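Notes to accompany the following structure.
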Amino acid sequence: MEEESPSALSAQPEPPGREEGPQDRSYTELRAWFAGPSAALTADYVLAVDAYRSVIQYFPEQEPQLLSCVGRIFLQIGDIKTAEKYFQDVEKVTEKLEGLQGKIMVLMNRAFLHLGQNNFADAHRCFTEILKIDPANAVANNNAAVCLLYLGRLKDSLRQLEAMTQQDPRRCLHESALFNLTTMYELESSRSLQKKQALLEAVASKEGDCFNTQCLKLA
């Protein structure tokens, strides 16, 4: 069951905008920008943290996203206390921001912190708050369903994931959601194979041959 790791794309800061393309950035700046996610993916967490922190000086407007990345890395290695400190820093920075993105970021960080503490009820509450603000948020939807499963509410969890993939299939038929959905089918029904095959047909009509079907666990 996938919970959206701390290095998940949802935590990634936005790259520089078109008005300031790579040709306007120094090699050092761009190397720092891409080092963070690359290091996180290879589990070199010390390098990832250093890279993200160094990027802040080049892209101060991305400080909340970058601090969130660092906090989620510490969550991934089990350092809850340090992760919480970074998330508190994010909350201080986002107090100055206008709009709802800062609120969503804070709620997402709190939800992941609760997940790291196996506090699925409070994590679900935070993900639900995000969905009230942004109903199309696939990360919150997927993880809210996972929380419901851990809370013993398999049918509710299944309904939530099925609704998500049906309402916005092009956006929500991604591997982590489909892996979770097929896992729930295995837990819920003796007809899981037929349901997986129906999912495969839905994915094939949207994604073509390039989709990794291993997440459907058909073998």
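The values are calculated or read from the model by the stated rules, or taken from the named source; none is laboratory data. Fair warning: this is a prediction, and the values are worked out from it, not measured in the lab. Ideal geometry is used to build each Cβ from the backbone, glycine not excepted, and the neighbour counts take in all protein chains shown.
Of note:
- Of all residues in segment 176-199 being more than 14 Å from Val146 (Cβ to Cβ) and buried (at least 16 other Cβ atoms within 10 Å of the Cβ), the one that is modelled with the highest pLDDT: Tyr185
- Single residue of Gln166, Gln160 found to be without any contact (Cβ under 8 Å) to a residue 12 or more places away in the chain, within 25 Å of Glu188 (Cα to Cα) and either part of a helix (DSSP H, G or I) or out of contact with any Lys or Arg (no Cβ under 6 Å at 6 or more places or on another chain) (or both): Gln166
- Residue ID - farthest from Leu131 (Cα to Cα), chosen from residues in segment 47-82 that are without any contact (Cβ under 8 Å) to a residue 40 or more places away in the chain and among the aliphatic types (A, V, I, L, M): Leu47
- Members of segment 84-110 found to be in a helix (DSSP H, G or I), touching a Pro at 6+ places or on another chain (Cβ under 8 Å) and hydrophobic (A, V, I, L, M, F, W, C), listed by number: Val90, Val93, Met105
- In this structure, Ile56 does not qualify as within 22 Å of Ala177 (Cα to Cα), surrounded by 14 or more Cβ atoms within 10 Å (Cβ to Cβ) and of a type in the set (A, V, I, L, M, F, W, C).
- Residue selected from segment 139-175 under the condition within 14 Å of the chain's Cα centre (by Cα) and over 19 Å from Cys126 (Cα atoms), by the criterion modelled with the lowest pLDDT: Cys172
- Looking only at segment 107-122, and only at residues there that are out of contact with any Phe, Trp or Tyr (no Cβ under 7 Å at 6 or more places or on another chain), more than 19 Å from Cys69 (Cβ to Cβ) and not polar (S, T, N, Q), the one that is surrounded by the most Cβ atoms within 10 Å (Cβ to Cβ): Asp122
- Single match in Ser10, Ser54, Ser5, Ser26 (criterion: over 23 Å from Ala145 (Cα atoms) and modelled with pLDDT under 85): Ser26
- Qualifying residue in segment 78-94 (condition: at pLDDT below 90 and among the hydrophobic types (A, V, I, L, M, F, W, C)): no
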